[in-house]
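Engineer: For reference, the structure I am asking about is given below.
The values are calculated or read from the model by the stated rules, or taken from the named source; none is laboratory data. Owing to the predicted nature of the structure, the values given are computational and were not obtained by experimental measurement. Cβ sites come from the backbone with ideal geometry, for glycine too, and all protein chains shown count toward neighbours.
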Amino acid sequence: MKHDSDQWISISDLMSGLMLVFLFVSIGYMIEVESEREKMQSIALAYKQSKIDLNQALHDEFDRDLASWNAEILENNSFRFKDPEVLFEVGKSDLKDKFKIILANFFPRYIKILSDVRFKNDIEEIRIEGHTSSNWISAVGIQEKYIHNAKLSQDRAFYVLNYSLNLPTVKDQSDWLMKLLRANGVSFANPVFVNGVENVELSRRVEFRVITKVEQKIMAILEAVEK
């Protein structure tokens, strides 16, 4: 009986030990998860503040020009040129002279802001987007309209990029810009609606957008937790 009792105590002690091990593992995991959660919160807060700071910097620099350029700065820090009469001829991708003058003024000042130490290291991409309306007179069906406008919007974005990158006033930033600048044709994937109806004029636009590294940082934390 004593032998059986000793064996029972031994098994009981073993189970208690295992439970303690599981407990410590669980606590360790919870601490690790909490730590990673705090990191993500810290990144999110830093991103939010950086976004606010960039928005303020853009407004400080360009507010006096927005009306004459028929442009606007969105809450997500996209810089939108929205006057199709200034940008391109209908159905064409060559920049109008007035738009060239605007870009020559805008782009160096824009890049000066983005290359500031407050923002530079968090920028993943500077995206130039060409947007069109859903119109295309000769096209048959919505898909053909989309394809034609996709090419047109891509060509327009490229010509804006090409002209901007070759400005002498940004030559000293060309190496950095070539790593970040992208030309994206969006076709009419993101039209502008007013009172539920597409505003064709406002849909025809060019936007400069900043894509940050915040998503990469959060994904790296999640991958670390999974491992």
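Engineer: Would it be correct to say that Ala150 is in contact with a His (Cβ under 7 Å, 6 or more places away or on another chain), surrounded by 14 or more Cβ atoms within 10 Å (Cβ to Cβ) and farther than 26 Å from Lys213 by Cα?
Structural biologist: On the way: in contact with a His (Cβ under 7 Å, 6 or more places away or on another chain): no; surrounded by 14 or more Cβ atoms within 10 Å (Cβ to Cβ): yes; farther than 26 Å from Lys213 by Cα: yes.
Judged against the criteria, Ala150 is not a match.
Engineer: Condition first: touching a strand residue (DSSP E or B) at 6+ places or on another chain (Cβ under 9 Å) and without any contact (Cβ under 8 Å) to a residue 12 or more places away in the chain. Can you find one or more residues in the range 200-214 that meet it?
Structural biologist: First, pick out the residues of the range 200-214 that are touching a strand residue (DSSP E or B) at 6+ places or on another chain (Cβ under 9 Å): 202-214.
Those still in the list that are without any contact (Cβ under 8 Å) to a residue 12 or more places away in the chain too: none.
No, the range 200-214 contains no residue that is touching a strand residue (DSSP E or B) at 6+ places or on another chain (Cβ under 9 Å) and without any contact (Cβ under 8 Å) to a residue 12 or more places away in the chain.
Engineer: Given (1) of a type in the set (Lys, Arg); (2) over 14 Å from the mean Cα position of the chain (by Cα); (3) at pLDDT 95 or above, identify the lone condition not met by Arg127.
Structural biologist: With respect to (1) of a type in the set (Lys, Arg); (2) over 14 Å from the mean Cα position of the chain (by Cα); (3) at pLDDT 95 or above, Arg127 is out only on (2).
Engineer: Considering every residue within the range 99-114, establish whether at least one is among the hydroxyl-bearing types (Ser, Thr, Tyr), part of a helix (DSSP H, G or I) and closer than 17 Å to Phe208 by Cβ. Don't jump to the end; show me each part of the working.
Structural biologist: The initial filter retains those residues of the range 99-114 that are among the hydroxyl-bearing types (Ser, Thr, Tyr), namely 110.
Next, only the ones that are part of a helix (DSSP H, G or I) stay: 110.
Retained after the next criterion (residues that are closer than 17 Å to Phe208 by Cβ): 110.
Checked against the condition, which is being among the hydroxyl-bearing types (Ser, Thr, Tyr), part of a helix (DSSP H, G or I) and closer than 17 Å to Phe208 by Cβ, the range 99-114 yields at least one hit.
Engineer: Working only within the range 67-85, note down all residues that are at pLDDT below 95 and within 15 Å of Leu95 (Cβ to Cβ).
Structural biologist: Asp83, Pro84, Glu85, listed by residue number.
Engineer: Conditions: (1) small (Gly, Ala, Ser); (2) exposed (fewer than 11 other Cβ atoms within 10 Å of the Cβ); (3) at pLDDT below 95. Gly91 meets all but one. Number of the miss?
Structural biologist: It is condition (2) that Gly91 fails.
Engineer: Condition check: under 21 Å from Thr212 (Cα atoms) and either modelled with pLDDT of 95 or more or in the same structural domain as Glu129 (by TED's automatic domain parsing) (or both). Does Leu165 satisfy that?
Structural biologist: Working: under 21 Å from Thr212 (Cα atoms): yes; either modelled with pLDDT of 95 or more or in the same structural domain as Glu129 (by TED's automatic domain parsing) (or both): yes.
The answer is yes for Leu165.
Engineer: Restricting attention to the range 102-117, which residues are out of contact with any Ser or Thr (no Cβ under 7 Å at 6 or more places or on another chain) and surrounded by 13 or more Cβ atoms within 10 Å (Cβ to Cβ)?
Structural biologist: Taking the range 102-117 first, the residues out of contact with any Ser or Thr (no Cβ under 7 Å at 6 or more places or on another chain) are 102, 104-106, 109-117.
Ile102, Ala104, Asn105, Phe106, Arg109, Tyr110, Ile111, Lys112, Ile113, Leu114, Ser115 - these are the residues of the range 102-117 that are out of contact with any Ser or Thr (no Cβ under 7 Å at 6 or more places or on another chain) and surrounded by 13 or more Cβ atoms within 10 Å (Cβ to Cβ).
Engineer: When you check Ser133 against the structure, is it part of a loop (DSSP other than H, G, I, E, B) and crowded, with 20+ Cβ neighbours inside 10 Å, yes or no?
Structural biologist: On the way: part of a loop (DSSP other than H, G, I, E, B): yes; crowded, with 20+ Cβ neighbours inside 10 Å: yes.
Criteria met by Ser133.
Engineer: Separate question: Test Trp176 against the criterion of being free of Cβ contacts under 8 Å to residues at least 60 places away in the same chain and of a type in the set (Phe, Trp, Tyr), and give yes or no. Don't jump to the end; show me each part of the working.
Structural biologist: Values: free of Cβ contacts under 8 Å to residues at least 60 places away in the same chain: no; of a type in the set (Phe, Trp, Tyr): yes.
In short, no.
Engineer: Does any residue of the range 212-225 turn out to be within 30 Å of Pro84 (Cβ to Cβ), surrounded by 15 or more Cβ atoms within 10 Å (Cβ to Cβ) and either at pLDDT below 90 or out of contact with any Cys (no Cβ under 7 Å at 6 or more places or on another chain) (or both)?
Structural biologist: Here is the first cut: in the range 212-225, the residues within 30 Å of Pro84 (Cβ to Cβ) are 212.
From what's left, surrounded by 15 or more Cβ atoms within 10 Å (Cβ to Cβ): 212.
From what is left, the residues that are either at pLDDT below 90 or out of contact with any Cys (no Cβ under 7 Å at 6 or more places or on another chain) (or both) are 212.
Checked against the condition, which is being within 30 Å of Pro84 (Cβ to Cβ), surrounded by 15 or more Cβ atoms within 10 Å (Cβ to Cβ) and either at pLDDT below 90 or out of contact with any Cys (no Cβ under 7 Å at 6 or more places or on another chain) (or both), the range 212-225 yields at least one hit.
Engineer: Sticking with this one: Among the residues of the range 64-79, is any closer than 23 Å to Met178 by Cβ and in contact with a helix residue (DSSP H, G or I) (Cβ under 6 Å, 6 or more places away or on another chain)? Steps first, answer last, please.
Structural biologist: Restricting attention to the range 64-79, the residues satisfying the condition of being closer than 23 Å to Met178 by Cβ are 77-79.
After this cut, where a residue has to be in contact with a helix residue (DSSP H, G or I) (Cβ under 6 Å, 6 or more places away or on another chain) as well, the list is 77.
Yes, the range 64-79 has at least one match.
Engineer: When you scan the range 154-166, do you find a residue that is surrounded by 13 or more Cβ atoms within 10 Å (Cβ to Cβ), of a type in the set (Val, Ile, Thr) and part of a helix (DSSP H, G or I), even just one?
Structural biologist: yes
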